[in-house]
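Asker: Can you read through this structure? Questions will come right after.
The values are calculated or read from the model by the stated rules, or taken from the named source; none is laboratory data. This one's a predicted model, so the numbers in the text were calculated from it and none came from an experiment. Here Cβ is always computed from backbone atoms with ideal geometry, including for glycine, and neighbour counts include all displayed protein chains.
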Amino acid sequence: MAPMISVRDVRKTFDDGLDALKGVSLDIEKGEILALLGPNGAGKTTLISIICGISTMTSGQISVGGHDVVNDYRAARRLIGVVPQEINLEPFERVRNTVRLSRGLFGLPRNDAFIEEVLRKLSLWDKRDAQILALSGGMKRRVLIAKALSHEPRVLFLDEPTAGVDVELRKDMWQIVRDLQAAGVTIILTTHYIEEAEAIADRVGVISKGEILLVEKTGALMRRMGRKEMIIELQQPVSEIPEALAKYDLGPGPDANSLVYRYVSVPGQRPGITSLLTDISAAGLVLRDVQTRQSSLEDIFVDLVRENAV
Amino acid sequence: MNWQAILAIYRFEMARTWRTIWQSIVSPVISTSLYFVVFGTAIGSRISEVEGVAYGAFIVPGLIMLSVITQSIANAGFGIYFPKFIGTIYELLSAPISFLEIVIGYVGAAATKSAMIGLIILATAYLFVPMQIQHPVWMLVFLALTCLSFSLFGFIIGIWAKNFEQLQLVPLLIVTPLVFLGGAFYSSSMLPPVWQTITLFNPVVYLISGFRWAFFGLADVSLGLSLLAILGFTGACLGVIWWIFRTGWRIKS
């Protein structure tokens, strides 16, 4: 089956000479959720902006639903909804009007029943006649999503949908994304939270300095990259690791009283923490404290860039 | 043509007009009334008539033009500058619409609003001076063309402007002097010959002259020349906008 979005060797050089994208190629399948992961300035937003028509590309080719985004932009854009990273809304406008405008811009006739459905789904119906400036930050983000959904897109771009959003809204957002996927919508979201990619994406693309470093199934990437460390503090100093604990990936900790356990945290796979702690007690060691730390995205990038350099 | 989109933009922009109805309509009416009091009554009482027309009536076309031109530029300039400023332009750029459709929507709404203001000022003028419009159809043609062409011009300024100061700069520094020196309050035949010649390089002279001819049947320059000037200006603005959207100048990075 032809991919829903096909990006071929896209380059973008800004007027000031900055190479924001250095030959990006990417296929996105129909109905999948792809998370684009990358640090700030990696080119995530630039790539999305180019696909959606907000920016122009220096060279390359992009098609959405088989339509070239330059030559056949009307057909391509009709399929696309985009939720920008910044809260770009007219402060004096009212919620329902601005959502209506979005639908109209995409050439669809007014449909108040559908707009009501979208607003209700996003818990915005009570605020339908409120001015945007009177809404909270989370509500404004919902309005942006409502605008993007108002024209029934088949492809949805979410640029940092959960940046600066509280936990509850983040969960809501994930549910909305899953519902949309169930309705057959292809979703591309950018994030720099690895947990977010882990929670909802089918595949993860890692982008850094204008290049796609890898695109992989989420599970596979997490197995490869989602390492965790547990620092085990003990009551007494340990000079060497007891024989009984040899089967664990243990190393010396930051001080004499501690050990570090390295493991991989993947859904559906036991990390072996319970048995380790049991074995520690059995070996006659007394626990004082335990703390865990996930390898941060920065660590992953350092690893990936190093791998790529080899 | 994506007519739905044009209609959506037009409605959205007109909704802003209704929402800000006081600023939109009342303030030009008040300022025009002041002009009538100062120029028409206070000064006009000492100038009996210009070329057979009472001075109070003589300045009506010029006053309407002054408001219509400044309003057109301000409305269209703000209309497109604001989405750029607050970032909502992303939606216009990502929508399946051509640049022509964006222009029709925004410029159409801006021109409608200034035409409304022009007609309201005309109605206000009737309260101050008795008048008879000799060529009402031509009057409407000139009004419509002026609203259209200066809304296009305002649209260009709105795209060009990088901040609010720049948005004000062109209207303040160029347009207001051109309108004041364009014969809004006098006939160019009242000027010394040298200035009469210089005046001919002011495009606004042709507009006011044509518009005044529609009212009173007297003009500084011929009707054909007036029409040619305004059509030429409209064409030039359209050309610049076409180029802007072809290159994405100051819109797309």
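Asker: If I filter the range A:1-27 down to residues being crowded, with 23+ Cβ neighbours inside 10 Å and away from every other protein chain (no Cβ under 14 Å), which single residue comes out as farthest from the chain's Cα centre (by Cα)?
Answerer: Within the range A:1-27, the match that is farthest from the chain's Cα centre (by Cα) is A:V10.
Asker: Which of the residues belonging to the range A:153-176 are among the charged types (D, E, K, R) and modelled with pLDDT of 95 or more?
Answerer: A:R154
Asker: Among what's in the range B:42-57 and is of a type outside the set (A, V, I, L, M) and not in a loop (DSSP other than H, G, I, E, B), pick the residue that is nearest to the other protein chains (Cβ to nearest Cβ).
Answerer: Within the range B:42-57, the match that is nearest to the other protein chains (Cβ to nearest Cβ) is B:G56.
Asker: Additional query: What do you reckon, is B:L100 within 14 Å of another protein chain (Cβ to nearest Cβ) and either in contact with a Ser or Thr (Cβ under 8 Å, 6 or more places away or on another chain) or surrounded by fewer than 23 Cβ atoms within 10 Å (Cβ to Cβ) (or both)?
Answerer: Yes, satisfied.
Asker: Also, quick follow-up: Residues of the range B:104-118 being in contact (Cβ under 8 Å) with a residue 60 or more places away in the chain, among the β-branched types (V, I, T) and either within 17 Å of B:V141 (Cα to Cα) or surrounded by 24 or more Cβ atoms within 10 Å (Cβ to Cβ) (or both), which ones?
Answerer: The answer is B:T112, B:I117.
Asker: Right, another one. Scan the range B:202-222 and give yes if some residue there is on the phi > 0 side of the Ramachandran plot and free of Cβ contacts under 8 Å to residues at least 60 places away in the same chain, otherwise no.
Answerer: No, that holds for no residue.
Asker: Of the residues that make up the range B:77-88, is at least one surrounded by fewer than 23 Cβ atoms within 10 Å (Cβ to Cβ) and more than 30 Å from A:E86 (Cβ to Cβ)?
Answerer: There is no residue in the range B:77-88 that is surrounded by fewer than 23 Cβ atoms within 10 Å (Cβ to Cβ) and more than 30 Å from A:E86 (Cβ to Cβ).
Asker: Assuming B:M131 fulfils every condition listed in (1) at pLDDT 90 or above; (2) aliphatic (A, V, I, L, M); (3) over 17 Å from the mean Cα position of the chain (by Cα) apart from one, which condition is it?
Answerer: (1)
Asker: Hey, among the residues in the range B:17-58 that are modelled with pLDDT of 85 or more and within 19 Å of A:N97 (Cα to Cα), which one's surrounded by the most Cβ atoms within 10 Å (Cβ to Cβ)?
Answerer: B:T17
Asker: Now for a different question. Within the range A:57-92, how many residues turn out to be among the β-branched types (V, I, T) and more than 16 Å from A:F157 (Cβ to Cβ)?
Answerer: Count: 2.
Asker: Working only within the range B:1-41, note down all residues that are over 18 Å from B:I120 (Cα atoms) and away from every other protein chain (no Cβ under 12 Å).
Answerer: Within the range B:1-41, B:V38, B:F39, B:T41 meet the criteria.
Asker: I've got another one for you. Are any residues in the range A:4-30 in a loop (DSSP other than H, G, I, E, B) and either modelled with pLDDT under 95 or among the charged types (D, E, K, R) (or both), and if so, which ones?
Answerer: Result: A:F14, A:D15, A:D16, A:G17, A:L18, A:E29, A:K30.
Asker: Please go through the range A:182-225 and pick out each residue that is farther than 21 Å from A:V24 by Cβ and of a type in the set (S, T, Y).
Answerer: Answer for the range A:182-225, where residues must be farther than 21 Å from A:V24 by Cβ and of a type in the set (S, T, Y): just A:Y193.
Asker: Continuing with this model, one more query. Would you tally the residues in the range A:102-113 being more than 28 Å from the chain's Cα centre (by Cα) and on the phi < 0 side of the Ramachandran plot?
Answerer: 7
Asker: Give me the residue from the range B:226-253 that is touching a residue at least 12 places away in the same chain (Cβ under 8 Å) and small (G, A, S) and, out of that set, nearest to the other protein chains (Cβ to nearest Cβ).
Answerer: Result: B:A229.
Asker: Taking the options B:A219, B:A214, B:A229, B:A184, name whichever one is touching a Phe, Trp or Tyr at 6+ places or on another chain (Cβ under 6 Å), at pLDDT below 90 and either surrounded by 13 or more Cβ atoms within 10 Å (Cβ to Cβ) or not hydroxyl-bearing (S, T, Y) (or both).
Answerer: Answer to the check: B:A219.
Asker: Moving on to the next point. Restricting to helices (runs of 4 or more DSSP H) lying wholly in the range B:131-187: which have 1 or more residues that are closer than 30 Å to B:E49 by Cβ?
Answerer: Because the criterion is at least 1 residues that are closer than 30 Å to B:E49 by Cβ, the helices (runs of 4 or more DSSP H) in the range B:131-187 that meet it are B:136-160, B:176-180.
Asker: B:A74 passes all but one of (1) touching a Pro at 6+ places or on another chain (Cβ under 8 Å); (2) within 14 Å of chain A (Cβ to nearest Cβ); (3) crowded, with 22+ Cβ neighbours inside 10 Å; which number fails?
Answerer: (2)
Asker: Taking the range A:87-108 on its own, how many of its residues are of a type in the set (S, T, Y) and touching a Ser or Thr at 6+ places or on another chain (Cβ under 7 Å)?
Answerer: Going through the range A:87-108 one residue at a time, the tally reaches 1.
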